[in-house]
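Please read the structure below before turning to the comments.
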Amino acid sequence: MQVRLLGTGASGGTPGSGRSRRLESSALARTAGIAVLIDVTRDFERQARGLVAIDAVLLTHAHRDAAGGIARLRRWWRERDQPPLPVYAHAGTLAALRRRHARLDHLTARPIRPGRPFALGPLTACAVAVPHARDTPTLAWQLRENGRTLVYASDVARLTPGLEVAAAGAALLVIDGAMWHRSLFSHLRIDQAVPQLCRWPVERIVLTQIGRSAPPHARLAREVAALCPRAEPGYDGMLLEV
């Protein structure tokens, strides 16, 4: 499985230059015969350049930085001859989309329950409930193939035993890195979370959802590596092998 980080920034994107300039957080997981999009941001048009296929969509939650590109996804879909895309999400997220959009003919709603695995082609997918904001249920996603596991947890308010169990033995954990030496009730602080994550049995940790409090990418990479040699900040377009 390959994972490309389509965006690694906070809501509204994170300004800067080079790798410090970030679109809203999203990822594309690819393996033989299937491409899975995780979150559909308001930057989807730019993130979808060169993207020829999407077989399924996984949504973490209903906030607009995670699901605000649904109408833009419809325009992408109309240009291609394919059936509606299955979108897997919490029932509350799907209900929010129905309230927000008059036309969802490009999607087939697939409500899921956390902790119940299901097949996505050669992948086994499972949602994990995580704390984020009080107004919306939020999920992390676990994707497995041939004994290798990706966990994508872009919006997390605090680390939980459930997320630790889901990430145990993972080849790659992509996780919320929104705040740097500052606190926000709905997101993790890098300087506090990374030392704790370094004790988890995970091969590689990559930060996403990186916000405006973070220093430029090169300095952030050095600081994160000092906290945990297996951790690093992600950047837009980063290609990761699982």
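The values are calculated or read from the model by the stated rules, or taken from the named source; none is laboratory data. These figures come from a predicted structure and were not determined experimentally. Note that we place each Cβ from the backbone using ideal geometry, even for glycine, and neighbour counts take in every protein chain shown.
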Which residue pairs have Cβ atoms closer than 7 Å, lie 6 or more positions apart in sequence or on different chains, and pair a first residue in the range 229-242 that is within 25 Å of ASN146 (Cα to Cα) with a second residue that is of a type in the set (Lys, Arg) and part of a loop (DSSP other than H, G, I, E, B)?
-> ARG230/ARG204
Pick from the range 92-104, criterion in contact (Cβ under 8 Å) with a residue 24 or more places away in the chain and surrounded by fewer than 20 Cβ atoms within 10 Å (Cβ to Cβ), ranking: nearest to ALA129 (Cα to Cα) | GLY92
Among the residues of the range 43-53, is there at least one that is modelled with pLDDT of 95 or more, surrounded by fewer than 17 Cβ atoms within 10 Å (Cβ to Cβ) and in a strand (DSSP E or B)?
-> no
Screening VAL40, VAL36 for residues that are part of a loop (DSSP other than H, G, I, E, B), under 13 Å from the mean Cα position of the chain (by Cα) and either surrounded by fewer than 17 Cβ atoms within 10 Å (Cβ to Cβ) or not basic (Lys, Arg) (or both) leaves only VAL40
Residue pairs meeting the criteria (Cβ under 8 Å; at least 6 apart or on separate chains; first free of Cβ contacts under 8 Å to residues at least 12 places away in the same chain and more than 18 Å from SER25 (Cβ to Cβ), in the range 152-164; second of a type in the set (Asp, Glu) and buried (at least 16 other Cβ atoms within 10 Å of the Cβ)) | none
Write out, first by first residue and then by second, each pair whose Cβ atoms fall under 7 Å of each other, whose residues are 6+ apart or on separate chains, and whose first residue, in the range 187-205, is more than 15 Å from TYR152 (Cα to Cα) while the second is among the polar types (S, T, N, Q) and surrounded by fewer than 18 Cβ atoms within 10 Å (Cβ to Cβ).
-> ARG189/SER183
The number of residues in the range 108-132 that are charged (D, E, K, R) and either within 19 Å of LEU28 (Cβ to Cβ) or in contact with a strand residue (DSSP E or B) (Cβ under 6 Å, 6 or more places away or on another chain) (or both) is 1
In the range 131-186, the residues that are farther than 20 Å from LEU58 by Cβ and outside any loop (DSSP other than H, G, I, E, B) | PRO161, GLU164, MET179, LEU184
ALA167: over 19 Å from SER20 (Cα atoms) and surrounded by fewer than 19 Cβ atoms within 10 Å (Cβ to Cβ), yes or no?
-> no
Which one of these is surrounded by fewer than 23 Cβ atoms within 10 Å (Cβ to Cβ), part of a loop (DSSP other than H, G, I, E, B) and in contact with a helix residue (DSSP H, G or I) (Cβ under 6 Å, 6 or more places away or on another chain): VAL128, VAL202?
-> VAL202
